[in-house]
Each structure stands twice: as C-alpha cells, then as structure tokens.
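What follows is a set of notes on a single structure, which appears directly below.
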Amino acid sequence: MAIIKPVDETKIFIQPLPDFVSEQQDIQVSMLRLDTVHPFISGNKWYKLKYNISAALDAQKNSLLSFGGAYSNHLIATAAAAHSAGMGAIGFVRGLQDEQNLNPVLTQCKEYGMALYFISREAYATKEDADFLNRLQLQFPEAWIIPEGGANPAGRKGAGEISTFVSSDFTHVILSTGSGTTFTGLRNALPAAQSLLGFAPMKGGIYLQHQIIQFLDPGKNTNWSLTDRFHFGGFGKMNDSLQDFMSSFRQQYNFSLDRVYTAKMMAGLQQLLRENAFPARANILCLHTGGLTGN
Ligand SMILES: *Cc1c(COP(=O)(O)O)cnc(C)c1O
C-alpha cells in the first residue's frame, strides 16, 4: 500500500551550531532540523505515524485513534496526518476539559476533523489495559488504534528511518525522550558505534530506561544512556533560566526550540559540555524533534 506523504522530507537539513559552548572548540555540535517538515506533523511525529497509516489502510480501517494530553504534539500530528490521508481521526484526551473553550492545540485537532473524547485521569491510566482496548475496538471497529506517543512496532520502525539522516561522521546523537519510541527506533537502526544519549523532560524520567530496553532488538542494548537531570521543574514546566536559554539560542542561531522537549535537551547538553562530559573531538548531532506548535 502506498504511503501518502503529507510532509516534505526534502526540507530536512543539518545545521551546524558554531560556538555552542565557546570553551569547547574541539567539539562540534549540529542540529538535525526535523522540525521543518510540516507545521503540525513536525519532527519525529511523522516518522512514528507513517507505518501506522499504511498498516491502518492495509487493515481496511478508515480512521486513526490515539491518546494524548491536552497539549499533545502527537494528537495534533495524528489529526493532521489522518486528514491528509483522507481518514477520520479520534482523540482520547487526558483529563476533563471545558469543551466550549478548547486550547489552540485541541481546537486545531478539531479543525482537522478529529473527534475528541475527554476522559478522567483515572480512566486514562487504564488506556493500555487489554480490557479497555478490546472495548474501544468494539466501540470503534473501523479505527486503527495507536498507543500514546505512537509507541508500537510501526512507530518504532518509522522512527528508525530518522537514522538515514545521521551520517557515520557523528559520534553522538542526542534526543529528547517522551515515550522513548523515537529513541528505541533509532538505537535499533543506528550502528552500535554511534552513541545515543536521551534527555527525559520530566521528573524521574529515568524510568523510561525500562520502556526503551524492552523494545531493543537483540544485540542493540549497547552504547546508549538516558539522563533526567534536566527537567527544569517537571514535564511542561518552565523557569527563568530555561526561558533565557531559549531566547539566547534563538538570537544566536535564528530558529526556535520548543519549550517542552528540545529546549531542555539543548540546555542540558550545554551544561554537560561545560562539565566535560564528552570526549575531545566528539561530533554531536542533536535532533530537533519539532513541537513548536506548543510554544
Ligand atoms: C513527542 C516529542 C518527543 C518525544 O518523542 P518520543 O518518541 O515519544 O520519545 C520529543 N520531542 C518533541 C518535540 C516531541 O513533540
């Protein structure tokens, strides 16, 4: 089945970030600009969705159903991708919302034709239980159900394709991790010689190690690590130092980081470089996984 491509992958490029840490002239830092492919299906989201869409079409489903918080980049990407594939979309949103007064992310989801269902945090917590999923499939027999964050085999397979932009010159690849899907897909796809470092943007995010390990291919559990030091107060939280970092980054390089994921990652990378955490002559590629709709 042909994959409908709503994004423009030719817009992806690698941008050097000269003087990212001026004391460390022997270390190169660049950014893979995955954020450029689409305003709403940006960054890693397209890669996690592409094989879900083809699998849904192969299974003769007519809509995509997924889950997310009220500011979910994954939900808005799912809504936009379904729309351009001529499919319906159903979104289960964590927490009850004032439906007359939706935030811009959910408003845009609706404009793409996504039907929204708001469920309590307690109900949302059961969204991976077999019981819940069976009932959901009975209720929406025509829907292809995608876990939160696109965390399924099709999502990991697509995320692995981001590796085609990572040449072997890079010694380290760094990325922000939410569900760990992109991280796992990339670790499976990249050569073991390239080191992968994940930045968890939430408190206690080290638990994501378990999410990652269980889906690594045999022999791929190597040369990777995860840090949760740089959460800046917790998921979605912000403080003055992060705000300052984002503005000076924007001034220096003329593009924006998103506040939830990539800003924390780059601020963390800067700190690690100052702590001499990378070997001399490291050539670091940072993934701009998008998310600018949330700003
Ligand atoms: C969704 C998202 C992530 C997290 O990706 P996972 O595959 O869930 O780990 C990282 N960065 C941005 C900007 C995102 O929108």
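The values are calculated or read from the model by the stated rules, or taken from the named source; none is laboratory data. Just so we're clear, the structure is a prediction, and the values are computed from it rather than from any experiment. Quick reminder, even Gly has a Cβ in these numbers, built from the backbone with ideal geometry, and neighbours come from all protein chains shown. These area figures cover heavy atoms from the full protein model, side chains too; ligands, DNA and RNA do not enter into them. Shrake-Rupley method; radii C 1.70, N 1.55, O 1.52, S 1.80 Å.
Going through Gly43, Gly68 one at a time, which residue ends up being open to solvent by less than 10 Å² (accessible area, probe 1.4 Å), modelled with pLDDT under 95, touching an Asp or Glu at 6+ places or on another chain (Cβ under 7 Å) and within 11 Å of the ligand (Cβ to nearest atom)? Write out each step before concluding.
Working: Gly68 fails: modelled with pLDDT under 95.
Going through Gly43, Gly68 in turn, the sole match is Gly43.
For Ile41, the test of being in a loop (DSSP other than H, G, I, E, B) and under 15 Å from the mean Cα position of the chain (by Cα) is passed.
Evaluation of Ser256 against the conditions (1) within 16 Å of the ligand (Cβ to nearest atom); (2) more than 20 Å from Ser30 (Cβ to Cβ); (3) out of contact with any strand residue (DSSP E or B) (no Cβ under 6 Å at 6 or more places or on another chain); (4) open to solvent by 10 Å² or more (accessible area, probe 1.4 Å) shows that the sole unmet condition is (2).
So, in the range 1-23, of the ones that are of a type outside the set (D, E, K, R) and over 20 Å from Arg250 (Cα atoms), which residue ends up surrounded by the fewest Cβ atoms within 10 Å (Cβ to Cβ)? It would help to see each step written out before you state the result.
Step one: of the range 1-23, the residues of a type outside the set (D, E, K, R) are 1-4, 6-7, 10, 12-18, 20-22.
Among the residues that remain, those that are also over 20 Å from Arg250 (Cα atoms) are: 1-4, 6-7, 10.
Working: Met1: 10, Ala2: 6, Ile3: 13, Ile4: 14, Pro6: 20, Val7: 24, Thr10: 8.
Selected residue: Ala2.
Considering only residues in the range 266-295 that are free of Cβ contacts under 8 Å to residues at least 40 places away in the same chain and of a type in the set (Gly, Ala, Ser), the one that is least open to solvent (accessible area, probe 1.4 Å) turns out to be Ala267.
With respect to the conditions (1) closer than 22 Å to Leu116 by Cα; (2) surrounded by fewer than 16 Cβ atoms within 10 Å (Cβ to Cβ), Leu57 lacks only one, and its number is (2). Among the candidates Ile90, Ile53, Ile41, the residue that is out of contact with any Lys or Arg (no Cβ under 7 Å at 6 or more places or on another chain), in contact (Cβ under 8 Å) with a residue 24 or more places away in the chain and within 19 Å of Ser176 (Cβ to Cβ) is uniquely Ile41.
Which of the strands (runs of 3 or more DSSP E) contained wholly in the range 135-229 include at least 3 residues that are over 25 Å from Ser30 (Cα atoms) and in contact (Cβ under 8 Å) with a residue 24 or more places away in the chain? Give the derivation first.
On the way: elements: 143-145, 172-176, 195-199, 224-227.
Counting at least 3 such residues, we get 143-145.
Yes or no, residue by residue, for (1) open to solvent by less than 60 Å² (accessible area, probe 1.4 Å); (2) within 15 Å of the ligand (Cβ to nearest atom):
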{"position": "Asp169", "(1), (2)": "no, no"}
{"position": "Val173", "(1), (2)": "yes, yes"}
{"position": "Thr177", "(1), (2)": "yes, yes"}
{"position": "Thr181", "(1), (2)": "yes, yes"}
{"position": "His210", "(1), (2)": "no, yes"}
{"position": "Leu216", "(1), (2)": "yes, yes"}
{"position": "Asn221", "(1), (2)": "no, no"}
{"position": "Thr227", "(1), (2)": "yes, yes"}
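Is there a residue in the range 281-295 that is outside any helix (DSSP H, G or I), more than 18 Å from His231 (Cα to Cα) and in contact with a helix residue (DSSP H, G or I) (Cβ under 7 Å, 6 or more places away or on another chain)? Scanning the range 281-295, I find no residue that is outside any helix (DSSP H, G or I), more than 18 Å from His231 (Cα to Cα) and in contact with a helix residue (DSSP H, G or I) (Cβ under 7 Å, 6 or more places away or on another chain), so the answer is no.
Scan the range 92-115 for residues that are assigned to a strand (DSSP E or B), over 19 Å from Lys61 (Cβ atoms) and open to solvent by less than 40 Å² (accessible area, probe 1.4 Å) and jot them down. Result: Val93, single match. Just one of the listed residues (Ala89, Ala77, Ala82) is touching a Leu at 6+ places or on another chain (Cβ under 6 Å), of a type in the set (A, V, I, L, M, F, W, C) and in a helix (DSSP H, G or I), and it is Ala82.
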